[in-house]
Amino acid sequence: MRPGAQAARTAGGCALNARGDRQDGLRAAVDAYCARIGADPLLVQGAGGNASWKDGDTMWVKASGTWLAEAQRADIFVPVDLAHLRDAIAVGDFDVAPRACAGSALRPSIETLMHALMPQTVVLHLHAVEVLAHLVRPDFAGPAPAPWCWVDYHKPGSALAGAIAARLREQPDAQIVFLQNHGVVIGGANAAEVDATLAALLACLRTEPVAPVAAVTADMAQLTIIPDAGIQQLALDPRLYKRLRNEWALCPDHVVFLGAEAACYADADSFIAAQAAGAETSLAFIAGVGVFADKDFGAARTAQLRCYYDVLARQPSGAALTVLSAPQLAELLDWDAERYRLAMAR
Ligand SMILES: [Zn+2]
């Protein structure tokens, strides 16, 4: 610990570093980078994904529910006590609650520990489509442009952090951590290094999406058509529609935002009959007709659904996908931290 850090922590919750230009420059670079990648729906969906940088005993991490795309317009980062997190990690305590430095009203990301575990200065975690398209298959073996490791699916939060810690102990030089059915973590000395690794990784894993099926659709009962041509393909392309029933629960964010299963209807008549019988549907997939949602569906859920389409469109026809199990779904949907994040992200 640096001299004076303890005193600052006692007084203010944690040591806030004011080293001036170098850190200001780092922050500006991270802000600009986050805003850029946050605007690309193939990299970031709504409030998903997060970034951090370390400054001595302080780590600045994205606040829960905020959007990376907003990095230059709003204060999305919250400073937390990194020394406190590292002390907890050292004794295997992955349930530790990050301590935000005094003066911040924001709540640190539920994925904060993942950032503290990575030794690099700048850390980026994304649910990037081109990567996710591989992480939902049972047989991922790379390639990747830098030392990497693989972590099996675990509920985001302490369980996932513990699993990442175990893998990083085996491979401490990893710059890329693949999270099954979830996303990727990339560490680097600065934003430019992280960006170079991400660009090289995307070049390794890029897949051409299937060609879209054309169709004409209109609003349906009290639901309106979602104005996104990709999302519509989920109902219009029979190969994608077939996956909705058994391969819906691919990723934690997808389930948290969109529920544990898809409301699928074989045709317009069966949808209308279900509505007449009192079915409460806020999102409906009608085969060959379209994908419909209520007027409150919102940008965050639309972004998640678009991500799902983008991932499915990159699967080889008939390829088996790994889905979350019933117990994994149950633990995800009964989670207070997620409810907070959803409320913030709307
Ligand atoms: Zn994540």
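The values are calculated or read from the model by the stated rules, or taken from the named source; none is laboratory data. This structure is a prediction, so every number in the text was calculated from the model and none was measured. Please note: Cβ atoms are built from the backbone with ideal geometry, for glycine as well, and neighbour counts cover all protein chains shown. Protein only, heavy atoms only, side chains kept; ligands, DNA and RNA dropped before computing areas. Shrake-Rupley method; radii C 1.70, N 1.55, O 1.52, S 1.80 Å.
Go through the range 23-59 and report how many residues are within 16 Å of the ligand (Cβ to nearest atom) and either over 30 Å from Ala133 (Cα atoms) or part of a strand (DSSP E or B) (or both).
Of the residues in the range 23-59, 3 are within 16 Å of the ligand (Cβ to nearest atom) and either over 30 Å from Ala133 (Cα atoms) or part of a strand (DSSP E or B) (or both).
What number of residues within the range 141-159 satisfy the criterion of being within 16 Å of the ligand (Cβ to nearest atom), modelled with pLDDT under 95 and crowded, with 19+ Cβ neighbours inside 10 Å?
Of the residues in the range 141-159, 2 are within 16 Å of the ligand (Cβ to nearest atom), modelled with pLDDT under 95 and crowded, with 19+ Cβ neighbours inside 10 Å.
Show me the helices (runs of 4 or more DSSP H) found entirely inside the range 174-280 where at least 3 residues are surrounded by 15 or more Cβ atoms within 10 Å (Cβ to Cβ) and touching a strand residue (DSSP E or B) at 6+ places or on another chain (Cβ under 6 Å).
Numbers: elements: 191-205, 229-236, 238-246, 252-258, 268-276.
Helices (runs of 4 or more DSSP H) meeting the threshold: 191-205, 229-236.
Just to check your reading of the model, which residue among Ile89, Ile37 is buried (at least 22 other Cβ atoms within 10 Å of the Cβ) and touching a helix residue (DSSP H, G or I) at 6+ places or on another chain (Cβ under 9 Å)?
Working: Ile89 fails: buried (at least 22 other Cβ atoms within 10 Å of the Cβ).
Exactly one of Ile89, Ile37 is buried (at least 22 other Cβ atoms within 10 Å of the Cβ) and touching a helix residue (DSSP H, G or I) at 6+ places or on another chain (Cβ under 9 Å), namely Ile37.
Search the range 66-86 for residues being small (Gly, Ala, Ser) and buried (at least 18 other Cβ atoms within 10 Å of the Cβ), and hand back the single one that is farthest from Gly25 (Cα to Cα). So that I can check it myself, show each step before the final result.
If we filter the range 66-86 for residues that are small (Gly, Ala, Ser), which is where we start, we get 69, 71, 74, 83.
Applying the additional criterion that residues be buried (at least 18 other Cβ atoms within 10 Å of the Cβ) yields 69, 71, 83.
On the way: Ala69: 19, Ala71: 14, Ala83: 23 Å.
Residue satisfying both the conditions and the ranking: Ala83.
Of the residues in the range 127-140, how many are in contact with a strand residue (DSSP E or B) (Cβ under 8 Å, 6 or more places away or on another chain), within 16 Å of the ligand (Cβ to nearest atom) and not in a helix (DSSP H, G or I)?
Counting residues in the range 127-140 that are in contact with a strand residue (DSSP E or B) (Cβ under 8 Å, 6 or more places away or on another chain), within 16 Å of the ligand (Cβ to nearest atom) and not in a helix (DSSP H, G or I) gives 2.
State which residue is farthest from Ala191 (Cα to Cα) when the search covers only the range 105-126 and only residues that are in a loop (DSSP other than H, G, I, E, B) and away from the ligand (no atom under 14 Å from the Cβ).
Ala105
What are the residue pairs meeting all of these: first residue in the range 108-131, first residue farther than 9 Å from Trp53 by Cα and open to solvent by less than 10 Å² (accessible area, probe 1.4 Å), second residue of a type outside the set (A, V, I, L, M, F, W, C) and more than 14 Å from the ligand (Cβ to nearest atom), Cβ atoms under 7 Å, and 6 or more apart or on different chains?
Short answer, once both residue conditions are applied: Thr112/Pro98; Ala116/Arg86; Met118/Gly187; Val129/Asp310.
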